[in-house]
Amino acid sequence: VAATGGARLAPQGGPVNRRRLFWVLLALFIWLVVSRVDELARLEQVLARGAWQWVALAAALEVAHYFANGYLSYRAMRLAGVGGSYLSYVPLAFAALFVNVTLPAAGASGIALYADSATRRGDSPAKATAAALLTHVINQVSFVPYLVWLDLYLSARGALSAYHALISVLFYLFALSQVGALLLAVRHPRELGVVLGTVEAAANWVARALHRARFLSEGWAERSAGEFAMAAEPLRRSPRQVMALLGVSAAVHIIPMAVLAAMFRAFAAPVHAAIPAVAYVVSFLFVTISITPQGVGFVEEAMTSTLLALGIPSAEAAILPFAYRGLS
C-alpha cells in the first residue's frame, strides 16, 4: 500500500516535497542513532578487540552485499522493462535500507523509492513497483534451500528448538503464499483477486471483532492483485531469465556468510565452516519473521542461543552476533 501510494504521489511531489521528506527522514535517523549511542560506543569497543584486517574484510564484504542487492534490483527492473543503469540502482539499494530502518513498513517504504525513481526517469512507476515486488519474492524463495539445510543441520545435532521450528514454519508459509500468488497471477489472475478479496474481508472482520480499525485498507485486494499480475509478467514472458535471477539471488546469500566467517576469524574463534552459514541463516530468518524493525533484539538473541546450542563458547556466542549486526 505504501509503495502504491508513493508511486501515485511521486509525479506531484516535486523537489520541494522531496527535500522536506529528506530532512524529516534525516531527523528520524539522527534520533535513531542518538537513542542508541551507548550501543554504538559498545560496538566500537567490541570491534576494536578484533583483528582489524578481518574486520575490514568483513566491512568490505558487507558493502559488496549491498552492491549485489543493487544488481538484483537492476536485473529485475530490466526484466520488467524499466530503464536505468546498474550503478543507478546501487544508491537505491542503500537508500531503501535507510528508509526501511527509519520508517519500517515491512519493506514497503523502500519499494516506494524504486517507483519514485522510475517516475523521475520517465518510466512506469507501476512496473518498477512490480519489479521490486518480484525481487522481494525471489529473495525469499532463494533462501528456502538454506533454511531447509539449517533445519536438518540443527535437528541432526539436537539444537533445533521449538521456537526456531515455529519461525521456520512461518517463513515456509510466507514464501509459499508469495509463490502461490505469483503462479495464480500467471495462470488465473481472476482467482487471485477472489482469494485476496477473501483475505481482505477476513482480516477486516477480525479487526471489527476486536473493535479495531481496518487491518487492510479498502481496495487492498484489487491493488495487490494488480501488483502481483505485473510482477508475474516476466515469469510468463521470460521464465528462464527469472530462474537465472533466482540463481543469482541464491548466490548473493553467500556473501553475508563470508562476512560472518571473517568476523569469526577477527575474534580468533575457530569454528567449523558450517557455523557462519548457520549464523547467517538464523539472522535472515528472524529479520524476515519479526515484529521489530530489522529484527532488533530478536535476531541477536536467536543467533546467540543457536551458537550456544552448537557448543560455541559463551563469550563468542554473545559478542559475534552483536558485532555482525552492528557492522551490518
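Numerical summary
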{"read-out": "Normalised contact order of the chain, rounded percent, pairs of Cα under 8 Å and 6 or more residues apart", "value": "24 percent"}
{"read-out": "Inter-centroid distance (Cα atoms) of segment 17-95 relative to segment 164-187, Å", "value": "27 Å"}
{"read-out": "Alpha-carbon gyration tensor eigenvalues x 5, square-rooted, for segment 149-202, Å", "value": "33, 13, 4"}
{"read-out": "Equivalent ellipsoid dimensions for segment 18-116 as semi-axes, Å, which come from the Cα gyration tensor, largest first", "value": "28, 21, 9"}
{"read-out": "Ranked packing of 309-317, 34-42, 110-118, most packed first, by mean Cβ within 10 Å", "value": "110-118, 309-317, 34-42"}
{"read-out": "Computed over segment 39-92, Kirkwood Rh from alpha-carbon pairs, angstrom", "value": "13.2 Å"}
{"read-out": "Protein accessible area in the chain, 1.4 Å probe - carbon and sulfur %", "value": "67 percent"}
{"read-out": "Fraction of alpha-carbon pairs over 18 Å apart in segment 126-179 - percent", "value": "41 percent"}
{"read-out": "Inter-site label distance for Phe67 and Ser35 at 7 Å from Cα along Cβ, in nm", "value": "3.3 nm"}
{"read-out": "Projected-area mean, segment 187-328, by convex hull of Cα positions, square nanometres", "value": "11.8 nm²"}
{"read-out": "Highest average packing first - 87-95, 224-232, 131-139, Cβ atoms within 10 Å", "value": "131-139, 224-232, 87-95"}
{"read-out": "Where His253, His65, His272, His211 fall by accessible area, highest first, once all protein chains stay in place (1.4 Å)", "value": "His211, His272, His65, His253"}
{"read-out": "Rounded accessible area per residue of the chain, 1.4 Å, Å²", "value": "51 Å²"}
{"read-out": "Hull shadow area, averaged, segment 245-322 [alpha-carbon convex hull, nm²]", "value": "5.3 nm²"}
{"read-out": "Axial C-alpha extent at least 27 Å, average Kyte-Doolittle at least 0.0 - helices from the chain (DSSP)", "value": "2-34, 52-79, 125-156, 162-187, 189-209"}
{"read-out": "10 Å binning of all Cα-Cα separations within the chain, expressed as whole percents from 0 upward", "value": "5, 23, 32, 26, 12, 2"}
{"read-out": "Calculated on alpha-carbon atoms, Rg and Dmax of segment 161-254 in Å", "value": "16.4, 48"}
{"read-out": "Solvent-accessible surface (1.4 angstrom probe) belonging to Thr306, in square angstrom, nearest 10", "value": "20 Å²"}
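The values are calculated or read from the model by the stated rules, or taken from the named source; none is laboratory data. These figures come from a predicted structure and were not determined experimentally. Here Cβ is always computed from backbone atoms with ideal geometry, including for glycine, and neighbour counts include all displayed protein chains. SASA here: full protein model, heavy atoms, side chains in, ligands and nucleic acids out. Shrake-Rupley method; radii C 1.70, N 1.55, O 1.52, S 1.80 Å.
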